[in-house]
Amino acid sequence: HMPVVEFGTPCIYPQIPDMFSYHNNAVWPFVQSYWMWAGAKAGNEASVLHSIAAIYRAATLFATNQENYVATTGDYKTKLNSSNMLWSLSGNLSIVYHLFFGINYEEDGLLFRPFVPKVFDGNRSLSGVNYRNMILDIEVEGYGNKITSFALDGKEQKRAFIPASLKGKHTIKITLNSKDFKNNPIHLVSNADSPRMPIAKLQSGKLSWEAIEEATSYQLLKNGNLWKTTTELSIDVPSNESGEFMVRAIDKNGEESFAGEPINMQNIQSATLYQIEDYMPASSRTSTGFTGNGFVEISKSINQTLTVPVDIKQKGTYVIDWKYANGNGPTHSKNSCAIRTLHVDGQRIGISVFPQRGNKVWDDWGFSNGVQVSLKPGKHSIVLKFLTENENMNLKTNQAMIDYLRIAPVK
(Lines give C-alpha, C1' and ligand atoms only; values in the text may rest on other atoms or scores of the structure.)
Protein backbone atom coordinates (compact mmCIF):
# COMPACT_ATOMS: atom_id res chain seq x y z
CA HIS A 1 0.00 0.00 0.00
CA MET A 2 3.06 2.29 0.04
CA PRO A 3 2.49 5.06 -2.55
CA VAL A 4 5.00 4.97 -5.41
CA VAL A 5 5.19 7.36 -8.35
CA GLU A 6 6.17 6.91 -11.97
CA PHE A 7 9.89 7.54 -11.42
CA GLY A 8 10.27 5.47 -8.25
CA THR A 9 9.58 5.37 -4.53
CA PRO A 10 9.69 8.89 -3.02
CA CYS A 11 11.23 9.39 0.42
CA ILE A 12 7.93 10.80 1.67
CA TYR A 13 4.39 11.06 0.31
CA PRO A 14 2.63 13.39 -0.18
CA GLN A 15 5.25 16.08 -0.72
CA ILE A 16 5.67 19.21 1.40
CA PRO A 17 4.52 22.24 -0.61
CA ASP A 18 6.85 25.18 -1.25
CA MET A 19 9.92 23.12 -0.34
CA PHE A 20 12.80 22.28 -2.66
CA SER A 21 13.56 18.75 -3.87
CA TYR A 22 16.05 16.87 -1.72
CA HIS A 23 14.43 14.49 0.74
CA ASN A 24 11.16 16.17 -0.19
CA ASN A 25 9.90 15.34 -3.71
CA ALA A 26 12.86 13.05 -4.38
CA VAL A 27 13.81 9.45 -5.04
CA TRP A 28 17.08 8.16 -3.58
CA PRO A 29 18.35 5.09 -5.48
CA PHE A 30 19.82 3.41 -2.41
CA VAL A 31 16.45 3.75 -0.63
CA GLN A 32 14.82 2.43 -3.78
CA SER A 33 17.02 -0.67 -3.55
CA TYR A 34 15.74 -1.36 -0.01
CA TRP A 35 12.21 -1.09 -1.35
CA MET A 36 13.21 -3.55 -4.10
CA TRP A 37 14.46 -6.02 -1.45
CA ALA A 38 11.18 -5.64 0.46
CA GLY A 39 9.25 -6.32 -2.75
CA ALA A 40 11.31 -9.46 -3.32
CA LYS A 41 10.66 -10.70 0.23
CA ALA A 42 6.94 -10.11 -0.29
CA GLY A 43 7.02 -11.95 -3.63
CA ASN A 44 5.77 -8.81 -5.42
CA GLU A 45 7.20 -8.97 -8.95
CA ALA A 46 5.63 -5.65 -10.01
CA SER A 47 7.30 -3.84 -7.10
CA VAL A 48 10.67 -5.38 -7.94
CA LEU A 49 10.41 -4.49 -11.63
CA HIS A 50 9.37 -0.92 -10.81
CA SER A 51 12.42 -0.59 -8.55
CA ILE A 52 14.86 -2.06 -11.10
CA ALA A 53 13.53 0.35 -13.72
CA ALA A 54 13.85 3.34 -11.37
CA ILE A 55 17.49 2.52 -10.51
CA TYR A 56 18.65 1.56 -14.02
CA ARG A 57 16.89 4.49 -15.69
CA ALA A 58 18.63 7.02 -13.45
CA ALA A 59 22.07 5.42 -13.82
CA THR A 60 21.67 5.17 -17.59
CA LEU A 61 20.42 8.70 -18.24
CA PHE A 62 22.78 10.43 -15.81
CA ALA A 63 25.74 8.20 -16.81
CA THR A 64 26.64 7.95 -13.11
CA ASN A 65 25.05 7.01 -9.80
CA GLN A 66 23.58 10.29 -8.55
CA GLU A 67 22.61 10.67 -4.91
CA ASN A 68 18.97 11.47 -5.71
CA TYR A 69 16.59 12.80 -8.35
CA VAL A 70 13.30 14.71 -8.53
CA ALA A 71 10.27 12.49 -7.94
CA THR A 72 8.00 14.60 -10.18
CA THR A 73 10.24 14.82 -13.27
CA GLY A 74 12.96 12.19 -12.84
CA ASP A 75 15.61 14.93 -13.30
CA TYR A 76 18.77 14.94 -11.17
CA LYS A 77 18.63 18.71 -10.54
CA THR A 78 17.67 18.67 -6.88
CA LYS A 79 18.74 21.15 -4.21
CA LEU A 80 21.81 19.09 -3.35
CA ASN A 81 23.21 16.19 -5.35
CA SER A 82 26.45 14.30 -5.82
CA SER A 83 27.80 12.06 -8.54
CA ASN A 84 29.34 8.65 -7.95
CA MET A 85 27.57 8.22 -4.62
CA LEU A 86 28.69 4.93 -3.12
CA TRP A 87 25.30 4.16 -1.57
CA SER A 88 23.56 4.70 -4.91
CA LEU A 89 26.21 2.56 -6.60
CA SER A 90 25.77 -0.13 -3.93
CA GLY A 91 22.02 -0.12 -4.47
CA ASN A 92 22.60 -0.52 -8.20
CA LEU A 93 25.02 -3.43 -7.70
CA SER A 94 22.59 -5.11 -5.32
CA ILE A 95 20.26 -5.76 -8.26
CA VAL A 96 22.85 -8.23 -9.47
CA TYR A 97 24.35 -9.56 -6.24
CA HIS A 98 21.41 -9.47 -3.85
CA LEU A 99 18.50 -9.94 -6.27
CA PHE A 100 19.42 -11.91 -9.40
CA PHE A 101 21.99 -14.11 -7.64
CA GLY A 102 20.35 -13.94 -4.23
CA ILE A 103 23.52 -13.53 -2.16
CA ASN A 104 22.74 -12.90 1.51
CA TYR A 105 25.58 -12.54 4.01
CA GLU A 106 24.95 -14.56 7.15
CA GLU A 107 27.17 -14.80 10.23
CA ASP A 108 28.43 -18.25 9.26
CA GLY A 109 28.26 -18.20 5.47
CA LEU A 110 26.30 -17.26 2.35
CA LEU A 111 22.58 -17.95 2.00
CA PHE A 112 21.18 -17.79 -1.54
CA ARG A 113 17.67 -16.50 -2.24
CA PRO A 114 17.49 -15.30 -5.87
CA PHE A 115 14.53 -13.33 -7.17
CA VAL A 116 14.39 -13.18 -10.97
CA PRO A 117 11.33 -11.58 -12.64
CA LYS A 118 9.95 -13.46 -15.65
CA VAL A 119 11.13 -10.83 -18.14
CA PHE A 120 14.71 -11.63 -17.06
CA ASP A 121 14.31 -15.36 -17.73
CA GLY A 122 17.47 -17.09 -18.96
CA ASN A 123 20.90 -18.14 -17.81
CA ARG A 124 23.29 -15.73 -16.12
CA SER A 125 26.69 -16.17 -14.53
CA LEU A 126 28.82 -14.25 -12.08
CA SER A 127 32.50 -15.18 -12.02
CA GLY A 128 35.32 -14.55 -9.57
CA VAL A 129 33.26 -13.55 -6.54
CA ASN A 130 35.64 -13.15 -3.60
CA TYR A 131 34.25 -14.23 -0.25
CA ARG A 132 36.58 -14.75 2.70
CA ASN A 133 39.06 -17.48 1.65
CA MET A 134 37.20 -18.63 -1.45
CA ILE A 135 36.47 -17.57 -5.02
CA LEU A 136 33.03 -18.43 -6.40
CA ASP A 137 31.71 -18.84 -9.93
CA ILE A 138 27.90 -18.67 -9.71
CA GLU A 139 25.30 -19.61 -12.34
CA VAL A 140 21.55 -19.03 -12.10
CA GLU A 141 19.09 -20.62 -14.54
CA GLY A 142 15.42 -19.72 -15.05
CA TYR A 143 13.18 -17.27 -13.25
CA GLY A 144 11.13 -17.08 -10.05
CA ASN A 145 12.06 -17.12 -6.38
CA LYS A 146 11.93 -20.84 -5.59
CA ILE A 147 15.08 -22.94 -5.91
CA THR A 148 14.60 -26.44 -7.35
CA SER A 149 18.30 -27.32 -7.48
CA PHE A 150 21.40 -26.00 -5.68
CA ALA A 151 24.69 -27.64 -6.61
CA LEU A 152 28.14 -26.98 -5.14
CA ASP A 153 30.97 -28.21 -7.37
CA GLY A 154 28.45 -30.41 -9.20
CA LYS A 155 27.03 -32.01 -6.01
CA GLU A 156 23.41 -31.39 -5.08
CA GLN A 157 22.95 -29.70 -1.68
CA LYS A 158 19.96 -29.93 0.66
CA ARG A 159 20.22 -26.24 1.48
CA ALA A 160 21.15 -23.20 -0.63
CA PHE A 161 23.99 -22.30 1.71
CA ILE A 162 27.80 -22.02 1.53
CA PRO A 163 29.66 -22.27 4.86
CA ALA A 164 32.23 -19.57 5.59
CA SER A 165 34.83 -22.24 6.31
CA LEU A 166 35.28 -23.24 2.65
CA LYS A 167 38.54 -22.35 0.93
CA GLY A 168 39.71 -22.17 -2.66
CA LYS A 169 37.71 -21.96 -5.90
CA HIS A 170 34.21 -23.38 -6.17
CA THR A 171 31.29 -23.42 -8.60
CA ILE A 172 27.64 -22.95 -7.70
CA LYS A 173 24.69 -23.69 -9.97
CA ILE A 174 21.20 -22.59 -8.99
CA THR A 175 18.09 -23.64 -10.90
CA LEU A 176 14.85 -21.76 -10.26
CA ASN A 177 11.34 -23.19 -10.66
CA SER A 178 10.41 -20.83 -13.56
CA LYS A 179 6.84 -20.45 -12.34
CA ASP A 180 4.95 -17.19 -12.71
CA PHE A 181 4.54 -14.95 -9.69
CA LYS A 182 1.14 -14.07 -8.30
CA ASN A 183 -0.21 -10.91 -9.90
CA ASN A 184 0.35 -8.57 -6.94
CA PRO A 185 -0.14 -4.86 -7.71
CA ILE A 186 1.77 -1.78 -6.61
CA HIS A 187 0.17 1.39 -5.33
CA LEU A 188 1.11 3.65 -8.26
CA VAL A 189 -0.13 7.21 -7.75
CA SER A 190 0.40 10.64 -9.22
CA ASN A 191 2.84 12.72 -7.23
CA ALA A 192 1.01 15.19 -5.01
CA ASP A 193 1.56 17.86 -2.37
CA SER A 194 0.01 17.89 1.07
CA PRO A 195 -1.97 21.00 2.07
CA ARG A 196 0.00 23.81 3.66
CA MET A 197 0.16 23.86 7.43
CA PRO A 198 -2.25 26.15 9.32
CA ILE A 199 -0.81 28.20 12.17
CA ALA A 200 -3.29 28.65 15.00
CA LYS A 201 -3.51 31.43 17.56
CA LEU A 202 -5.45 31.52 20.81
CA GLN A 203 -7.18 34.72 21.83
CA SER A 204 -10.06 35.23 24.26
CA GLY A 205 -10.94 31.53 24.33
CA LYS A 206 -11.00 31.18 20.54
CA LEU A 207 -8.61 29.23 18.34
CA SER A 208 -8.26 30.82 14.90
CA TRP A 209 -6.08 30.39 11.81
CA GLU A 210 -5.63 31.79 8.32
CA ALA A 211 -7.36 30.05 5.40
CA ILE A 212 -5.35 27.42 3.52
CA GLU A 213 -6.17 27.71 -0.19
CA GLU A 214 -6.29 23.98 -0.95
CA ALA A 215 -8.08 22.99 2.27
CA THR A 216 -11.69 21.80 2.29
CA SER A 217 -11.81 21.29 6.06
CA TYR A 218 -9.72 21.51 9.20
CA GLN A 219 -9.12 18.99 11.96
CA LEU A 220 -8.46 20.02 15.53
CA LEU A 221 -6.34 17.69 17.60
CA LYS A 222 -6.46 17.59 21.37
CA ASN A 223 -3.50 15.86 23.02
CA GLY A 224 -2.69 14.25 19.67
CA ASN A 225 -6.20 12.84 19.08
CA LEU A 226 -8.93 14.09 16.75
CA TRP A 227 -11.18 16.45 18.71
CA LYS A 228 -13.31 18.30 16.17
CA THR A 229 -13.61 18.84 12.39
CA THR A 230 -14.75 22.14 10.92
CA THR A 231 -14.87 24.14 7.69
CA GLU A 232 -14.65 27.40 9.64
CA LEU A 233 -11.44 29.34 10.42
CA SER A 234 -11.96 29.46 14.16
CA ILE A 235 -13.48 27.49 16.99
CA ASP A 236 -14.41 28.30 20.56
CA VAL A 237 -12.53 26.40 23.25
CA PRO A 238 -14.55 26.12 26.47
CA SER A 239 -12.80 27.41 29.57
CA ASN A 240 -12.99 23.97 31.17
CA GLU A 241 -11.02 22.38 28.32
CA SER A 242 -7.34 21.79 29.01
CA GLY A 243 -4.64 20.14 26.96
CA GLU A 244 -2.53 20.71 23.89
CA PHE A 245 -4.36 21.76 20.72
CA MET A 246 -3.19 21.67 17.10
CA VAL A 247 -4.84 22.32 13.74
CA ARG A 248 -4.21 20.55 10.43
CA ALA A 249 -5.72 21.13 6.99
CA ILE A 250 -7.43 18.47 4.86
CA ASP A 251 -7.72 18.76 1.06
CA LYS A 252 -10.32 17.33 -1.33
CA ASN A 253 -8.35 14.09 -1.68
CA GLY A 254 -8.22 13.57 2.05
CA GLU A 255 -4.52 14.40 2.28
CA GLU A 256 -3.48 15.92 5.61
CA SER A 257 -1.11 18.80 6.26
CA PHE A 258 1.37 18.77 9.07
CA ALA A 259 -0.26 19.77 12.33
CA GLY A 260 0.65 23.33 13.32
CA GLU A 261 2.58 24.36 16.40
CA PRO A 262 0.76 23.22 19.55
CA ILE A 263 -1.31 25.66 21.58
CA ASN A 264 -0.85 24.60 25.18
CA MET A 265 -3.91 25.09 27.39
CA GLN A 266 -2.74 22.58 29.99
CA ASN A 267 -3.63 24.76 32.96
CA ILE A 268 -1.36 27.50 31.61
CA GLN A 269 -3.19 30.06 33.74
CA SER A 270 -1.65 28.30 36.74
CA ALA A 271 1.85 28.20 35.24
CA THR A 272 4.76 29.87 37.00
CA LEU A 273 7.25 31.85 34.90
CA TYR A 274 10.90 32.32 35.81
CA GLN A 275 12.73 35.11 33.97
CA ILE A 276 16.13 33.68 33.10
CA GLU A 277 17.93 37.04 33.29
CA ASP A 278 17.16 37.05 37.02
CA TYR A 279 19.55 34.12 37.45
CA MET A 280 22.03 34.44 34.58
CA PRO A 281 23.68 37.42 32.83
CA ALA A 282 21.40 38.90 30.19
CA SER A 283 22.54 38.89 26.57
CA SER A 284 23.69 42.14 24.97
CA ARG A 285 22.03 41.18 21.68
CA THR A 286 19.12 43.27 20.44
CA SER A 287 15.65 41.83 19.95
CA THR A 288 11.98 42.60 20.44
CA GLY A 289 9.02 40.62 21.72
CA PHE A 290 10.65 39.17 24.82
CA THR A 291 9.27 39.59 28.34
CA GLY A 292 10.92 40.88 31.51
CA ASN A 293 14.23 42.76 31.38
CA GLY A 294 16.01 40.67 28.80
CA PHE A 295 16.94 37.16 27.76
CA VAL A 296 19.90 34.81 28.08
CA GLU A 297 21.99 33.30 25.30
CA ILE A 298 22.94 29.62 25.26
CA SER A 299 25.50 28.24 22.82
CA LYS A 300 28.40 25.81 22.67
CA SER A 301 30.63 28.37 24.35
CA ILE A 302 28.20 30.62 26.27
CA ASN A 303 26.19 29.39 29.28
CA GLN A 304 26.79 25.70 28.63
CA THR A 305 25.02 25.16 31.94
CA LEU A 306 21.94 27.21 32.79
CA THR A 307 20.55 26.88 36.34
CA VAL A 308 17.19 28.16 37.63
CA PRO A 309 16.09 27.62 41.25
CA VAL A 310 12.32 27.09 41.59
CA ASP A 311 9.90 26.82 44.49
CA ILE A 312 7.00 24.38 44.13
CA LYS A 313 3.97 24.94 46.37
CA GLN A 314 2.04 21.73 45.73
CA LYS A 315 2.94 18.13 44.96
CA GLY A 316 2.02 17.07 41.43
CA THR A 317 3.00 16.46 37.84
CA TYR A 318 4.31 19.49 35.96
CA VAL A 319 5.32 20.32 32.40
CA ILE A 320 8.63 22.16 32.02
CA ASP A 321 9.28 24.15 28.86
CA TRP A 322 11.16 27.27 27.75
CA LYS A 323 10.24 30.34 25.74
CA TYR A 324 13.02 30.90 23.24
CA ALA A 325 14.15 32.37 19.91
CA ASN A 326 16.41 30.73 17.32
CA GLY A 327 17.18 32.72 14.16
CA ASN A 328 19.91 30.42 12.87
CA GLY A 329 17.91 29.17 9.91
CA PRO A 330 14.51 28.67 8.29
CA THR A 331 11.99 26.19 9.64
CA HIS A 332 12.17 23.85 6.62
CA SER A 333 15.93 23.25 6.35
CA LYS A 334 19.37 23.82 7.82
CA ASN A 335 20.59 21.93 10.87
CA SER A 336 20.96 24.54 13.61
CA CYS A 337 18.46 23.23 16.14
CA ALA A 338 19.65 23.91 19.68
CA ILE A 339 19.49 20.85 21.93
CA ARG A 340 20.06 20.58 25.67
CA THR A 341 19.77 17.91 28.33
CA LEU A 342 17.31 18.78 31.11
CA HIS A 343 18.10 17.94 34.74
CA VAL A 344 15.95 18.36 37.82
CA ASP A 345 17.72 18.13 41.20
CA GLY A 346 20.69 16.48 39.52
CA GLN A 347 18.62 13.84 37.74
CA ARG A 348 18.46 13.68 33.93
CA ILE A 349 14.77 13.80 32.98
CA GLY A 350 14.80 14.46 29.24
CA ILE A 351 15.81 16.67 26.33
CA SER A 352 14.77 20.25 25.59
CA VAL A 353 14.72 21.08 21.88
CA PHE A 354 14.89 24.62 20.41
CA PRO A 355 14.36 24.44 16.61
CA GLN A 356 15.06 27.32 14.22
CA ARG A 357 12.16 29.75 13.79
CA GLY A 358 13.42 31.76 10.81
CA ASN A 359 16.62 32.75 9.08
CA LYS A 360 18.11 35.71 11.01
CA VAL A 361 14.75 36.09 12.77
CA TRP A 362 15.49 36.68 16.46
CA ASP A 363 12.24 38.35 17.50
CA ASP A 364 9.98 35.32 16.88
CA TRP A 365 9.52 33.71 20.30
CA GLY A 366 7.97 30.30 20.85
CA PHE A 367 8.14 27.35 23.19
CA SER A 368 10.38 24.32 23.31
CA ASN A 369 8.94 20.85 23.74
CA GLY A 370 7.50 20.17 27.16
CA VAL A 371 8.94 17.58 29.55
CA GLN A 372 6.81 16.13 32.34
CA VAL A 373 8.22 15.66 35.81
CA SER A 374 6.79 14.85 39.25
CA LEU A 375 7.72 17.44 41.88
CA LYS A 376 7.25 17.62 45.63
CA PRO A 377 6.66 20.88 47.50
CA GLY A 378 9.79 22.84 48.18
CA LYS A 379 12.86 24.15 46.40
CA HIS A 380 14.22 22.45 43.26
CA SER A 381 17.01 23.10 40.78
CA ILE A 382 16.17 23.14 37.05
CA VAL A 383 19.30 22.83 34.90
CA LEU A 384 19.90 22.91 31.14
CA LYS A 385 23.23 21.37 30.15
CA PHE A 386 25.05 21.19 26.85
CA LEU A 387 26.48 17.67 26.66
CA THR A 388 28.23 15.70 23.93
CA GLU A 389 24.95 13.95 23.17
CA ASN A 390 23.41 17.35 22.33
CA GLU A 391 25.52 17.92 19.21
CA ASN A 392 23.47 18.58 16.08
CA MET A 393 24.46 17.94 12.46
CA ASN A 394 25.76 21.49 12.13
CA LEU A 395 28.50 20.79 14.71
CA LYS A 396 29.33 24.52 14.94
CA THR A 397 26.08 26.34 15.70
CA ASN A 398 23.96 25.10 18.60
CA GLN A 399 22.47 28.33 19.90
CA ALA A 400 19.24 29.89 21.17
CA MET A 401 18.02 32.84 23.24
CA ILE A 402 15.99 31.90 26.34
CA ASP A 403 13.30 34.31 27.56
CA TYR A 404 11.86 32.40 30.49
CA LEU A 405 11.25 28.98 32.06
CA ARG A 406 7.61 27.93 32.35
CA ILE A 407 6.38 25.31 34.83
CA ALA A 408 2.72 24.36 34.43
CA PRO A 409 0.76 21.83 36.53
CA VAL A 410 -0.93 18.99 34.67
CA LYS A 411 -4.59 18.46 35.56
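The values are calculated or read from the model by the stated rules, or taken from the named source; none is laboratory data. All of these numbers come straight from a predicted model, not from anything done at the bench. Here the Cβ positions follow ideal geometry from the backbone for every residue, glycine too, while neighbour counts run over all protein chains shown. Please note that ligands, DNA and RNA were not included when accessible areas were found on the heavy atoms of the full protein model with its side chains. Shrake-Rupley method; radii C 1.70, N 1.55, O 1.52, S 1.80 Å.
Listed values, structure above:
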{"item": "The stretch 1-51: number of residues that are in a loop (DSSP other than H, G, I, E, B), among the acidic types (Asp, Glu) and out of contact with any strand residue (DSSP E or B) (no Cβ under 8 Å at 6 or more places or on another chain)", "result": "1"}
{"item": "Residues located in the stretch 52-105, provided they are among the aromatic types (Phe, Trp, Tyr), touching a residue at least 40 places away in the same chain (Cβ under 8 Å), assigned to a helix (DSSP H, G or I) and in contact with a strand residue (DSSP E or B) (Cβ under 9 Å, 6 or more places away or on another chain)", "result": "100"}
{"item": "Within the stretch 226-257, considering residues that are of a type in the set (A, V, I, L, M, F, W, C) and touching an Asp or Glu at 6+ places or on another chain (Cβ under 8 Å), the one farthest from residue 194 (Cα to Cα)", "result": "233"}
{"item": "Any hit, the stretch 336-353, residues being open to solvent by 50 Å² or more (accessible area, probe 1.4 Å), of a type outside the set (A, V, I, L, M, F, W, C) and without any contact (Cβ under 8 Å) to a residue 12 or more places away in the chain", "result": "yes"}
{"item": "The stretch 170-212 - residue that is over 30 Å from residue 2 (Cα atoms), among the hydroxyl-bearing types (Ser, Thr, Tyr) and at pLDDT 95 or above and, of those, most open to solvent (accessible area, probe 1.4 Å)", "result": "171"}
{"item": "Residues (in contact with a Gly (Cβ under 7 Å, 6 or more places away or on another chain) and assigned to a loop (DSSP other than H, G, I, E, B)) located in the stretch 332-375", "result": "336, 356, 357, 360, 361, 362, 363, 364, 365"}
{"item": "Any chance residue 364 is open to solvent by less than 50 Å² (accessible area, probe 1.4 Å), touching a Lys or Arg at 6+ places or on another chain (Cβ under 6 Å) and of a type in the set (Asp, Glu)", "result": "no"}
{"item": "First in the stretch 10-22 and on the phi < 0 side of the Ramachandran plot and surrounded by 17 or more Cβ atoms within 10 Å (Cβ to Cβ), second anywhere and in a loop (DSSP other than H, G, I, E, B) and β-branched (Val, Ile, Thr), Cβ under 7 Å, 6 or more apart", "result": "21/78; 22/78"}
{"item": "Selected residue [touching a Pro at 6+ places or on another chain (Cβ under 9 Å), among the hydrophobic types (A, V, I, L, M, F, W, C) and crowded, with 16+ Cβ neighbours inside 10 Å] from 49, 136, 126", "result": "49"}
{"item": "Filter result (open to solvent by less than 10 Å² (accessible area, probe 1.4 Å) and touching a residue at least 60 places away in the same chain (Cβ under 8 Å)) within the stretch 389-411", "result": "398, 400, 401, 402, 403, 405, 407, 408"}
{"item": "Residue in the stretch 72-92 that is closer than 26 Å to residue 166 by Cα and open to solvent by less than 10 Å² (accessible area, probe 1.4 Å) present", "result": "no"}
{"item": "Selection count where residues are on the phi < 0 side of the Ramachandran plot and open to solvent by 50 Å² or more (accessible area, probe 1.4 Å), scope the stretch 272-303", "result": "15"}
{"item": "Index of the failed condition, residue 109 passing every other in (1) farther than 23 Å from residue 49 by Cα; (2) surrounded by fewer than 15 Cβ atoms within 10 Å (Cβ to Cβ); (3) of a type outside the set (D, E, K, R)", "result": "(2)"}
{"item": "Given (1) modelled with pLDDT of 95 or more; (2) outside any strand (DSSP E or B), index of the condition residue 219 fails", "result": "(2)"}
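Residue-wise test of (1) in contact with a helix residue (DSSP H, G or I) (Cβ under 7 Å, 6 or more places away or on another chain); (2) among the β-branched types (Val, Ile, Thr); (3) under 29 Å from residue 258 (Cα atoms).
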| residue | (1), (2), (3) |
| --- | --- |
| 167 | no, no, no |
| 171 | no, yes, no |
| 182 | no, no, no |
| 190 | no, no, yes |
| 198 | no, no, yes |
